[in-house]
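Notes follow the structure.
The values are calculated or read from the model by the stated rules, or taken from the named source; none is laboratory data. Keep in mind the model is a prediction, meaning the values are calculated, not measured. Note that each Cβ is placed from the backbone with ideal geometry, even for glycine, and that neighbours are counted across all protein chains shown.
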Amino acid sequence: MTGRVLSVASECVPFVKTGGLADVVGALPGALAGAGWDMRVLIPAYRSLRGLTAGMDEVWFEPGLFGGAGRVFSGRVDGIDLLLLDAPHLFDRDGGLYNGPWGDWWDNPQRFAALSWMAARLAREGVAGWRPDILHAHDWQAGLAPAYLAYHGAEGVRSVLTVHNIAFQGWAPASLLGELRLPAEQYYPGGLEYYGGLSSLKAGLVTADWITTVSPNYAAELMRPEFGMGLQGVIAARAARVSGILNGIDTAIWSPEAEAVPYSAKAMAGKATARAALCTEFDLSVPGPLAIVVSRLTDQKGIDLLPPSIPGFVEAGGGLIVLGSGDPALEGAMRGLAQAHTGRVAVQIGYDEALSHRLFSGADAVLVPSRFEPCGLTQMYGLRYGTLPVVSATGGLIDTVIGATPATLAAGVATGVVFQPTDAMALQQALARLVALYADKKLWARMQKNAMAHPVGWQTSASAYAALYEGLRP
Ligand code: ADP
Ligand code: GLC
């Protein structure tokens, strides 16, 4: 192995997931092993994970961890070298990872400070004879880890902070500065101060040796006020140490060859069978393109653009299946769409991994009308399955999809439909374009072929991370 990395995050597939962050954190160790880097992953032992510690070794005891004691367990679980932080006073509770029945957990600043504190300690001091060269922190939950290295001694360990989504910033009142073990003299606008308070993400952004985000385009967008969400100046000031490395997807898990009704770019018959099965499952009859949405139902994802755009699409022959959960108002709007268009639109509220595989197998197109999208994974699943992506021109979506235009069609390289601006009118036009493309069977088949040939695995990105780590090494 070339070197060692301690990756720290609040989510990791297959253990715990609320979004794409978990997919990426879970995929990186395998991808980087191929590039010669030994990566271990530190996550909290939430209530659902405490059972795992029975098969692991206790490697650390930390008596004073933000209101109680913490223990770190180590072991190889499901192919990942896992470090679990068991701190029952912070993580052993019913409810969500970040919120309980009344909203965000009141002690989120302390909970994720504890995770970050342990990451910095394990990195600095090493654990069970293993000491990393690099500490790789993900998002606001791990944002204080680079700060703790910077302020309490890094002992030669270099830090990388990856921004998966700048909308979540880990805000805390300034009065917590001391409790969170942050130095008072660093509380100034160019340091820890953030609009009169603290932000663990900002703390990481000002202290990490390198900052990455999950697509090159989002790296550029983050320095602009429309996307930086208050942190654009902080990121722009460190532009020389910011890069965008595109996410990949796990092509072993997301593979049309491995589905219940298998198919491939060379033998597409299985896709038609999967489509027919899907229509039966949801009681749909769709002469035009059958589109899907698999997403958190939130403002970020542009879900509110569907109700005004779908009626015209349905009239033109299209159909839609939505799988997702989130904002109750958007869930209601999706149910309303299905009721208004029985036989053409179906909605399943909830989280269902197995269903998502059937959807990508059987559908013709996947819609991702996001207002902002750091990378996005579902458009990449779509490419791999010949389920053509219809995406807004933002973030990682335009780093991954080649929109159909007269020029890209003439060159034979188009893989989907790209629209802008992100509004209902533009989405409606994109859907009309989708219907027209679908009607031209030869053109559609060509686009499917292009999409399925587009590289979406981790290889290129793993080399990019490996090169970054190598360059940072003392
Ligand atoms: P984000 O992390 O912003 O939610 P991504 O596109 O990066 O967006 O990742 C979302 C991940 O969660 C993908 O793997 C997607 O398939 C999955 N996902 C989202 N909603 C659901 C759902 N309701 N059922 C199954 N999988 C879902
Ligand atoms: C975030 C972003 C998404 C990205 C994922 C993984 O959740 O919203 O665009 O794909 O992180 O990096």
Practice prompt. Return a yes/no flag: does the range 48-60 have any residue that is touching a residue at least 24 places away in the same chain (Cβ under 8 Å), β-branched (Val, Ile, Thr) and within 16 Å of ligand 2 (Cβ to nearest atom).
Written response: no
Worksheet entry | Sole residue being within 16 Å of ligand 2 (Cβ to nearest atom) and closer than 26 Å to TRP444 by Cβ, chosen from SER361, SER264, SER356 | SER356
Item to complete: Determine whether the range 415-425 contains at least one residue that is assigned to a helix (DSSP H, G or I), of a type outside the set (Phe, Trp, Tyr) and within 15 Å of ligand 1 (Cβ to nearest atom).
Response: no
Worksheet item: For the range 388-399, which residues satisfy the criterion of being without any contact (Cβ under 8 Å) to a residue 40 or more places away in the chain and either in the same structural domain as VAL163 (by TED's automatic domain parsing) or more than 13 Å from ligand 2 (Cβ to nearest atom) (or both)?
Response: ALA393
Worksheet, complete the sentence: Counting only residues that are part of a loop (DSSP other than H, G, I, E, B) and either among the polar types (S, T, N, Q) or crowded, with 18+ Cβ neighbours inside 10 Å (or both), the range 426-467 contains a total of 2
Worksheet item: Among all residue pairs at least 6 apart or on different chains, which show Cβ distances below 9 Å where the first residue, located in the range 94-119, is in the same structural domain as ALA22 (by TED's automatic domain parsing) and the second is of a type in the set (D, E, K, R) and assigned to a helix (DSSP H, G or I)?
Response: ASP94/ARG47; GLY95/ARG47; TYR98/ARG111; TRP105/ARG111
Worksheet, complete the sentence: Going through the range 256-277 in order, the residues found to be part of a helix (DSSP H, G or I) and either under 12 Å from GLY343 (Cα atoms) or β-branched (Val, Ile, Thr) (or both) are THR273
Worksheet item: Is the range 167-190 home to any residue that is hydroxyl-bearing (Ser, Thr, Tyr), modelled with pLDDT of 95 or more and buried (at least 18 other Cβ atoms within 10 Å of the Cβ)?
Response: no
Discussion item. Looking only at the range 16-45, filter to residues that are more than 20 Å from TYR469 (Cα to Cα), surrounded by fewer than 21 Cβ atoms within 10 Å (Cβ to Cβ) and in contact (Cβ under 8 Å) with a residue 24 or more places away in the chain; which one of those is farthest from ligand 1 (Cβ to nearest atom)?
Written reply: VAL16
Practice prompt. Could you pull out every one of the helices (runs of 4 or more DSSP H) wholly within the range 179-248 that has 2 or more residues that are more than 16 Å from ligand 1 (Cβ to nearest atom) and over 19 Å from the mean Cα position of the chain (by Cα)?
Written response: 200-207, 225-228, 232-237
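Which is in a loop (DSSP other than H, G, I, E, B), of a type in the set (D, E, K, R) and either in contact (Cβ under 8 Å) with a residue 60 or more places away in the chain or crowded, with 16+ Cβ neighbours inside 10 Å (or both), of GLU373, GLU470?
Working: GLU470 fails: in a loop (DSSP other than H, G, I, E, B).
The unique qualifying residue is GLU373.
Every residue, every condition in (1) surrounded by 18 or more Cβ atoms within 10 Å (Cβ to Cβ); (2) touching a Cys at 6+ places or on another chain (Cβ under 6 Å); (3) closer than 27 Å to THR18 by Cα; (4) in the same structural domain as GLY196 (by TED's automatic domain parsing), yes or no:
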site	(1), (2), (3), (4)
ALA236	no, no, no, yes
VAL242	yes, no, yes, yes
LEU278	yes, no, yes, no
GLN300	no, no, yes, no
LEU306	yes, no, yes, no
SER309	yes, no, no, no
GLY324	yes, no, yes, no
Worksheet item: If you go through the range 127-139 one residue at a time, do you hit one that is touching a Phe, Trp or Tyr at 6+ places or on another chain (Cβ under 9 Å) and surrounded by fewer than 20 Cβ atoms within 10 Å (Cβ to Cβ)?
Response: yes
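Quick check: anything in the range 378-387 without any contact (Cβ under 8 Å) to a residue 60 or more places away in the chain, surrounded by 21 or more Cβ atoms within 10 Å (Cβ to Cβ) and hydrophobic (A, V, I, L, M, F, W, C)?
So the first thing to find is which residues in the range 378-387 are without any contact (Cβ under 8 Å) to a residue 60 or more places away in the chain, and the list is 379.
Those left that are additionally surrounded by 21 or more Cβ atoms within 10 Å (Cβ to Cβ): 379.
Checking the rest, the ones that are also hydrophobic (A, V, I, L, M, F, W, C) come to none.
Taking every residue of the range 378-387 in turn, none turns out to be without any contact (Cβ under 8 Å) to a residue 60 or more places away in the chain, surrounded by 21 or more Cβ atoms within 10 Å (Cβ to Cβ) and hydrophobic (A, V, I, L, M, F, W, C).
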Item to complete: Would you check if there is a residue in the range 333-352 being of a type in the set (Lys, Arg) and without any contact (Cβ under 8 Å) to a residue 24 or more places away in the chain?
Response: yes
Item to complete: Scan (1) out of contact with any strand residue (DSSP E or B) (no Cβ under 9 Å at 6 or more places or on another chain); (2) at pLDDT 95 or above for the single condition GLY103 breaks and write down its number.
Response: (2)
